[in-house]
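What follows is one structure encoded as structure tokens, with my remarks underneath.
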Amino acid sequence: MELDPDDVFRDDEDDPENELFQERESTKEYVVYLVDASPKMFSTSSSAEDQKNESHFHIVVSCIAQSLKSQIINRSYDEVAICFFNTREKKNKQDLNGVFVYTVAERDSLDRPTARFIKEFDRIDESFANDIGSQYGIVSGSHENTIYNALWVAQGLLRKGSAKTADKRILLFTNEDDPFGSIKGAAKTDMTRTTLQRAKDAQDLGISIELLPLNRPGEEFRDLIGLEGGDLALFMPSAGQKLEDMKDQMRKRMFTKRIVKRISFMIASGLSIELNSYALIRPTVPGVTTWLDSVTNRPLKTERLFICADTGALMQEPPKRFQSYKNENIIFSSAELSEIKRVSTGDLRLLGFKPLSCLKDYHNLRPSTFLFPSDKEVVGSTRIFIALHRSMLRLQRYAVAFYGNPSNPHLVALVAQDEIIINGGQLEPPGMHMIYLPYSDDIRNIEEFHSSTDVVPRATDDQVKKAAAMMKRIYLKDFSVCQFANPALQRHYAVLQALALEEDEMPDINDETLPDEEGMARPAVVKAIEEFKLSVYGEDYDEESESAGNGKVSEASKKRKAIAENAVKESANYNWADLADNGKLKDLTVQELKYYLSAHGLPLTGKKETLISRILTHMGK
Amino acid sequence: MARNREALLLLLDVGPSMHSVLPQVENLCSMLVQKKLIYGKNDEVGIILFGTEDTSNDLTNEVGGYEHVVVLRNIKVVDGDIVEAFKQLPRGTVAGDFVDAIVVGLDMLIKKYRETNKGKKRMCLITDAVCPIKDPYEGTKEEQVSTIAVQIAAHGIRMENIVVRRSSCENAKKRIIDENENLLNLFSEKSSSKIVYVDNPTSLLGALKTRNIAPVTIFRGDLELGQKMKIKVWVYKKTAEEKFPMLKKYSDKAPPTDKFATHEVKVDYEYRSVEDPSKVVPPEQRIKGYRYGPQVVPISSAEWEAVKFKPEKSLKLLGFTDSSNILRRYYMKDVNLFIAEPGNTRAMLAVSALARAMKEVNKVAILRCVWRQGQQSVVIGVLTPNLSEKHNIPDSFYFNVLPFIEDVREFHFPSFRNYPMSWQPNEQQQEAADNLVKMLDLAPSGKGESLQPEFTPNPVLECFYHHLELKSKDADAAVPPLDETLKKITECDTELLADSKSVINAFHRHFELKENPKLKKSTRRFLWEKPFGSDREDADGDASDAESIQDFVAMISRRDNPEWVGKAIEDMKKKIFELVKSHEGDNYLKAVDFLAALRKGCILEQEPKQFNDFLRSLFKFCQEENIDQLRELLVSKQLSLIPKSEAVDSDATDNEAGHFLTRRVPKDV
């Protein structure tokens, strides 16, 4: 990652330390999506009425497409391959029947997702029947075993990179729990045996195989030829759930859980349990930009030069820092600074418990971190964690602890969260959320800032009632916290995708965060708002003039407003287009030029030439 | 004259009842002044002490009275001397009268500033309010206070009253305290002053904002409820993290004789082609490359400007939802505060009605916010009501940012219910956990809540400023350790631990931890992991010492085999003996630290004899070798034999332990 000195891309709003608590990209991930493309995957006959006619194949493909898009945003260094089996056509290195490895031009089979790959895979539904085709591979009489072939191909793809530096996974999507059903007798046992052996070989090479079963309503998905062992039961989606939920569940399982840090939680002296921390919520920001040479479009390396301000000499990065204090420079070595920050030993120390009501809405600084116990090294950790977790939930209490993380030690609140399961899907995992608490100097007493000795108005019961009635009307029943896509990010990547593919048309992104104008305009809603408005504002209320209040609006802003109004008036006296066309702008005074600029809300700074060129740009000339 | 300078007058009660907390008052004030020396060099500070033996103030000279009030320092620009003044405040001998002090302070402020500097004048009173206030010459105390309060308000002076509360009080005192609190309340009603009560020394350190920040709005404009209704609001930051000071890079290149050297380092950037590092590309020839997977797309800033996301500045209501829909853990950032436009009574009414209705029906509002024109992103967040209990403070909302889909990583975790029985707590264990959660209580009813974020100072910054001050005296000063008051933030309060000892012991008894026997030795790092892991670059001597102690504690508390205890003690003894044998002054300090750890461990493990025998033999050795330094250190740390009162099995009586350290002194001298 390169350092960017004038990082203009970042919003002022953004925390400069964002990167610090971004997930660390420690290892790369190689994933092969192994998708069953047998005709059974395409059948849309569903029993429940509320389900759309969507085939399992379509669900899988759209899940993969979605995860590719989020991968571009979050983890673009990971590499993926998409591989169909039970296909009519074949395309693979080993030249095995019934297996098709999907990719696009200028991209290896297992590679980082590119713009073209994502774009074309989005349309796979249309092209699939023509280019790849669906066909049962395992039929009695033939000796083909497409599952076996598919695993072999996937394993071949994952030969890249060492198992130490990369996490290798095969995700197998199918709705067939008995792939060898059509075959009888010894041939079947033989096929089962060889397939399992192939899977085992892959696992021995450090490749994990995960099965993502799609089941139909009313049918139980049995363990696919014992491929996955014991874990399956934990994740098996229950039968009969809606397709939407199935998508959700599948999406959750397609990511590997990455542990941010292993923490030891000291409950009392001599009693420390083992926890893993996960970053379930972190702000996603547009990827880093790099500098290129605009002539060659080749990448540039940014070099930092340290120059001594007194002598002008080039120097190495200095190891010492200073703070001027009492007209002196107080010098700190980096060892001293890190010692200052090291106020506590041990990772997380319990200080005590408080009732949940003590945790206020403004006790927040940054995203929370999720804690989940582990018995990997300290046996007994989970049991203690579960016991405390239950007690805290039952007694409605949270724990206060000190997190002695050397880079940023903090007082934290540990809030227990019970598991929430809806429609067989896990909505909230069980565990504790670590919330970073502010210190005294981080909290500002804004409420008192404008306080005077006067009694301030309070709403009457009737006004409160009207407000409550309005709330009932503008009610978001099923609001869930992360239902919106970030329009800025979506736009960013859509534009990049278009530019990467050298398309002229800029894509239009639907901004989901805008209010539902239609719903807001429903008569009942409008009436409720009107009633509330009448009750608090009274009959004749002009929001603009009222803002002047008791003349408290600052003089400066009044003056600014007056200047702007004047400028609009003055600016109307000139025929700007004409002046610009005849090159007469330079004959005007700076004062006159500024009429145009302030009337159009443009910056007023710079020399005369700058002003003129700004006007011309604005007019589009 | 700087426009933003603040005038602050500190009114400190130094009467006998305050003596126990004066160290914290000294720390708090010097922190405040130190930050002013860095961030508010033009601010002016004065100090008034009351409850002193002496009397020294203008009013005494002019009109008489106002005894036991001393102006320690007139109001003037902050400098190093004032930090010195807080090193050791004089301890007073008489009961202080805070009304007298306020009058003296008011008089000083009025004389110095007249009508100028409005709104930037502040008085800060720190007292325990346990001493009676003298009756005025005429009228009642209440009338007198009202008159003063009106004056304070008229001169635009803000007041902060920090009242130190103690739990144990006799009845007679209770009456005085009640009366005093009444008077203080009267102040806050009649003028813009506030009262803060603190219950313990730690919160006293955080009771006063040591950072002076002029609040700035991040948004002023309309909150749109549909297209029909708008409410004028102002938005401020409610929390913002105080960062560790940005230290400048130091250059030692300037010759030591150069008195005017800035010692600063300028950082410049150079761009070189990756393929041909000798080629430097001028900054204007650069173009930004945006990553899309493996591709890097060059886009000029003008091009980007044309296509980027440009939302309009606005605050739009999306709707209301049940507060239970928004879990606390989704709050993403620091918090904002929404208030109605000051002076706009109807906007205040609207905000008040919404906030009260939200509270009543348990709902929250979801907003879409674009704070500034030209901002490139939108924010989705939640408004929660903040009802005011004071008649002069309007209702408001807190605003917290919520995540977008892209910000959430939905991982699936196993249910606790699906775990094997061996991982589930049984009934007794659950009860032990319940008791721990109940007893290790930081907010006991009847007593104040401790470690309230509002009153908890940042220990790292406290440590930094303390060290800064030490270094200004002696450039080689070592980093000071956290004092007892600050330790209560990073470690469990020893008093609380002692109170809930039985519960903690029961918890210990019911749960067992052991290291996973299946793990290979090489991968087994966690349980004995060094306190700060491998990411610490400076593996200096001190570090390994801390580790040795940590290792010892870990080993001695291992429950999987009783032999560990013996081994841990033997190892430690060996280490201490090695250090003492080396005859180096520095090593004695380490040895003492180790001895302290060993002593603690031996008490916990009921092995007092091991420690006592070792200490005796060590002393003998010291005497033979004439190492007096070690004994002196032990005396200063009160490290003696373990007496019967600390461990029942001990062979040393309390008396013997008490005299052990001093016993042989006469012989040596």
State which residue is surrounded by the fewest Cβ atoms within 10 Å (Cβ to Cβ) when the search covers only the stretch B:451-468 and only residues that are farther than 19 Å from A:L348 by Cβ and in contact with a Ser or Thr (Cβ under 7 Å, 6 or more places away or on another chain).
-> B:E454
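Yes or no, residue by residue, for (1) surrounded by fewer than 22 Cβ atoms within 10 Å (Cβ to Cβ); (2) modelled with pLDDT of 85 or more; (3) away from chain A (no Cβ under 14 Å); (4) assigned to a strand (DSSP E or B):
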| residue | (1), (2), (3), (4) |
| --- | --- |
| B:V45 | no, yes, yes, yes |
| B:I48 | no, yes, yes, yes |
| B:E62 | yes, no, yes, no |
| B:R91 | yes, yes, yes, no |
| B:D107 | yes, yes, yes, no |
| B:K118 | yes, no, no, no |
| B:M123 | no, yes, yes, yes |
| B:K134 | yes, no, yes, no |
Breaking point among (1) within 7 Å of chain B (Cβ to nearest Cβ); (2) crowded, with 21+ Cβ neighbours inside 10 Å; (3) of a type in the set (A, V, I, L, M, F, W, C); (4) touching a residue at least 12 places away in the same chain (Cβ under 8 Å), for A:A485 | (2)
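Yes/no matrix, rows are residues, columns are (1) farther than 30 Å from A:D347 by Cα; (2) within 8 Å of chain B (Cβ to nearest Cβ):
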{"position": "A:P429", "(1), (2)": "no, yes"}
{"position": "A:E448", "(1), (2)": "yes, yes"}
{"position": "A:V456", "(1), (2)": "yes, yes"}
{"position": "A:K466", "(1), (2)": "yes, yes"}
{"position": "A:A469", "(1), (2)": "yes, no"}
{"position": "A:L489", "(1), (2)": "yes, yes"}
{"position": "A:E503", "(1), (2)": "yes, no"}
{"position": "A:T513", "(1), (2)": "yes, yes"}
{"position": "A:E518", "(1), (2)": "yes, no"}
Within the stretch A:33-74, considering residues that are surrounded by 18 or more Cβ atoms within 10 Å (Cβ to Cβ) and part of a loop (DSSP other than H, G, I, E, B), the one modelled with the lowest pLDDT | A:S55
Across the stretch B:613-669, which residue is modelled with the lowest pLDDT among those that are closer than 25 Å to B:K581 by Cβ, part of a loop (DSSP other than H, G, I, E, B) and hydrophobic (A, V, I, L, M, F, W, C)?
-> B:V669
So is A:L496 farther than 25 Å from B:L315 by Cα, within 7 Å of chain B (Cβ to nearest Cβ), surrounded by 13 or more Cβ atoms within 10 Å (Cβ to Cβ) and at pLDDT 80 or above or not?
-> yes
Taking the stretch A:329-368 as the search range and keeping residues that are touching a Pro at 6+ places or on another chain (Cβ under 9 Å) and of a type in the set (S, T, N, Q), which one is farthest from B:E264 (Cα to Cα)?
-> A:N364
Among the residues of the stretch A:309-327 satisfying the criterion of being without any contact (Cβ under 8 Å) to a residue 12 or more places away in the chain and more than 7 Å from chain B (Cβ to nearest Cβ), which is surrounded by the most Cβ atoms within 10 Å (Cβ to Cβ)?
-> A:S324
Selected residue (only one of B:R73, B:R91 is of a type in the set (D, E, K, R) and touching a His at 6+ places or on another chain (Cβ under 9 Å)) | B:R91
Within the stretch A:76-114, restricting attention to residues that are touching a Lys or Arg at 6+ places or on another chain (Cβ under 7 Å) and part of a strand (DSSP E or B), which residue is nearest to A:K160 (Cα to Cα)?
-> A:E79
Any residue at all in the stretch B:472-483 that is buried (at least 18 other Cβ atoms within 10 Å of the Cβ), in contact (Cβ under 8 Å) with a residue 24 or more places away in the chain and more than 7 Å from every other protein chain (Cβ to nearest Cβ)?
-> no
Within the stretch B:165-186, restricting attention to residues that are among the hydrophobic types (A, V, I, L, M, F, W, C) and within 21 Å of B:S203 (Cβ to Cβ), which residue is modelled with the lowest pLDDT?
-> B:C169
Could you list, in sequence order, all residues of the stretch A:364-374 that are facing chain B (nearest Cβ under 7 Å) and either of a type outside the set (A, V, I, L, M, F, W, C) or out of contact with any helix residue (DSSP H, G or I) (no Cβ under 9 Å at 6 or more places or on another chain) (or both)?
-> A:N364, A:R366, A:P367, A:S368
Would you call A:D462 more than 27 Å from A:Q396 (Cα to Cα) and touching a residue at least 60 places away in the same chain (Cβ under 8 Å)?
-> yes
The stretch B:205-227, residues that are among the charged types (D, E, K, R) and more than 17 Å from B:L367 (Cβ to Cβ) | B:K209, B:R211
All positions within the stretch A:292-308 that are among the acidic types (D, E) and either more than 7 Å from chain B (Cβ to nearest Cβ) or touching a helix residue (DSSP H, G or I) at 6+ places or on another chain (Cβ under 9 Å) (or both) | A:D293
Name the residue, out of B:I195, B:I231, that is at pLDDT 80 or above, closer than 22 Å to B:A7 by Cβ and outside any helix (DSSP H, G or I).
-> B:I195
Just checking, how many residues over the stretch B:239-263 are part of a loop (DSSP other than H, G, I, E, B) and facing another protein chain (nearest Cβ under 7 Å)?
-> 13
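The values are calculated or read from the model by the stated rules, or taken from the named source; none is laboratory data. These numbers were taken from a predicted model, which means no experiment stands behind them. Cβ atoms come from the backbone with ideal geometry, glycine included; neighbour counts cover every protein chain shown.
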